Each structure stands twice: as C-alpha cells, then as structure tokens.
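Asks: I am attaching a structure below and will ask some questions about it afterwards.
Please treat every number below as a calculation from the coordinates, not as lab data. None of these values were measured; they are calculated from a predicted model. As a convention, Cβ positions derive from the backbone with ideal geometry for all residues, glycine included, and neighbour counts pool all protein chains shown.
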Amino acid sequence: MRILLIGCEVIIRELCDAVARSPHVVDARFLSKGLHDRGARVMRAGLQAAIDEAEADAQKYDAIALGYGLCGNGLAGLEARSVPLVLPRAHDCITLLMGSRIEFERYFQDHPGVYYRSTGWVERGADLEPLARTQTGMGYTLDALTERYGEDNGRFLYDELTRYQQAYTQLTFIETGIEPDGRCEAEARVEATEKGWRFEKVRGDLGLFRGLLAGDWDEASFLVVPPGHRIVARADQGIVAAERISS
C-alpha cells in the first residue's frame, strides 16, 4: 500500500515516528500550524487543496491519511474524490498525544483548567505569536492597547483578550518518549511558573499515530472516508462520520 500523509507540523515528530514504523510506503507533507489558527474555513480550504493536489498527481495513492483531529471543525466538509481519506476519531491533537479519546476525557475530568504543551507546541508555537496577534489581538500588552485605543477602551480590550488565562490553573506537558532532550519540558516549566500555574508532566501514547499509518484501521479509532464522500462532524462518541456527496 502507498499512503500519503498530510499532517500538522506541531505533531511532526510523532508522525515521523509512525512513518518510520509503517509497513507501507508513506510519503509525507506537513502543513503549518498557522493554518489551524486562521479558522475552520481557511483550514478546510488549505487541506482540500492539498488533497486535490495529491489526487491529481501522477503518483496514485491507495489512501490519504490526515494527521489531524477534527480541530474546531477544520476537517468537516473535506471531500474524498478518488482516493479514500483516513483520519483518527479525535477532537484535537491533545487526544492524539494522549493516545485515545477515553484517556483524554479521563484526564480532562480529573484536571479541569489545564493548558497543554508538547515538544511540538514548544518548538513551533513561538513562531505563531505574530499570527495570533494579527488574528485575535492576543499578546499585546496593556500599555500597547491603551496607547492605541485610549485608557478605557485599551483596558477593556486587555481584560477581554486575557480573560482566557483566568480559566487555567495548570500546565501539563505531554511526554511521548521521542523527545531529543529535556529542553522543551524545561521551557514548559518556565512558562507555567511565569503564569502562576501548577506544572505536571504526563506520559502520552503514540498508538493513534502509529495506527494511522499501519493501514489496519479499526472503526472505533479511525474513520475511512470512501471516494464520493465527505467528512461531517458528529455530536457523539464517533466524533466524525462519512456522508455521501450529493450530485
């Protein structure tokens, strides 16, 4: 079997580990994490363009594996035209790093108010700060906002843009076992200290990454989208489903 992997750069290390262990021939293309931060519509368009480009290539693939979770509905609406799409049943990459939806939900219920980091998030997240500022305004200081918008408006905007931080009390670093050293964990610890959050390190699981490229896609963990179908989001434990494209 020949598989094309289209994945997010934030989980490039975990996906490359899965590529190396796959019994199949795997070509890989990694897209910028910034695609996710531009919203579901832009993310969907970028992914569909990559899928369509692969399907038009002279090199035919038996399947296109998507190294993503549903990611804020960024995958909802993606169409398989002539090659099946395969994706994990996961809301986001935190589920992928934890190894299963069940494990993530268990941890989430026991640890509310948690902000997550991994090696990929630490390595590549800093480069996205300019994009976050452009898209949302987050990252600006109070002085910068008051200088630009005036005292009252600047204070209001600062409070609104930093409100999300009040929901978090802990930073959890997900260790998957393929980290080259302890630098990213150390940076995550510093971030937690600077924000006044507790720090915890948990062991992740690479099972979903490896399963995605193993080619034996069990229905409980993966969705296979046949040609002529699209991905739709579901409000149940299945998370995603395949829907026939009407002519």
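Asks: Aspartates and glutamates within cross-link reach of K201: Cα-Cα under 18 Å, excluding same-chain residues under 8 positions apart?
Replies: Leaving aside aspartates and glutamates fewer than 8 places away in the same chain, those within reach of K201 are E14, E103, E105, D110, E123, E175, E179, D181, E185, E187, E191.
Asks: Residue separation times 0.36 nm, minus the C-alpha to C-alpha distance between R244 and M1: what's the value?
Replies: Values: separation 243, 0.36 × 243 = 87.48 nm, distance 2.47 nm.
Contour length minus the Cα-Cα distance gives 85.0 nm.
Asks: Over segment 1-117, what is the mean sequence separation of C-alpha contacts under 8 Å (at least six apart), divided by residue count, expressed as relative contact order in percent?
Replies: Values: 160 pairs, mean separation 28.8, N = 117.
Reported relative contact order: 25 percent.
Asks: At what distance in nm do the modelled label points of A214 and A20 sit from each other, each positioned 7 Å from its Cα along Cα→Cβ?
Replies: Modelled inter-label distance: 1.8 nm.
Asks: Now for a different question. Could you give the length gained by full extension between D92 and E194, i.e. 0.36 nm per residue of separation minus their alpha carbon distance, to one decimal place?
Replies: Working: separation 102, 0.36 × 102 = 36.72 nm, distance 2.59 nm.
Full extension from D92 to E194 adds 34.1 nm.
Asks: What is the spin-label model distance, in nm, from E179 to E123 if the labels are put 7 Å beyond Cα along the C-beta direction?
Replies: Here the modelled spin labels are 1.3 nm apart.
Asks: Kirkwood Rh over Cα pairs of segment 1-107 into Stokes-Einstein at 20 °C, 1.002 mPa s: D in µm²/s?
Replies: It diffuses with D of about 151 µm²/s by this estimate.
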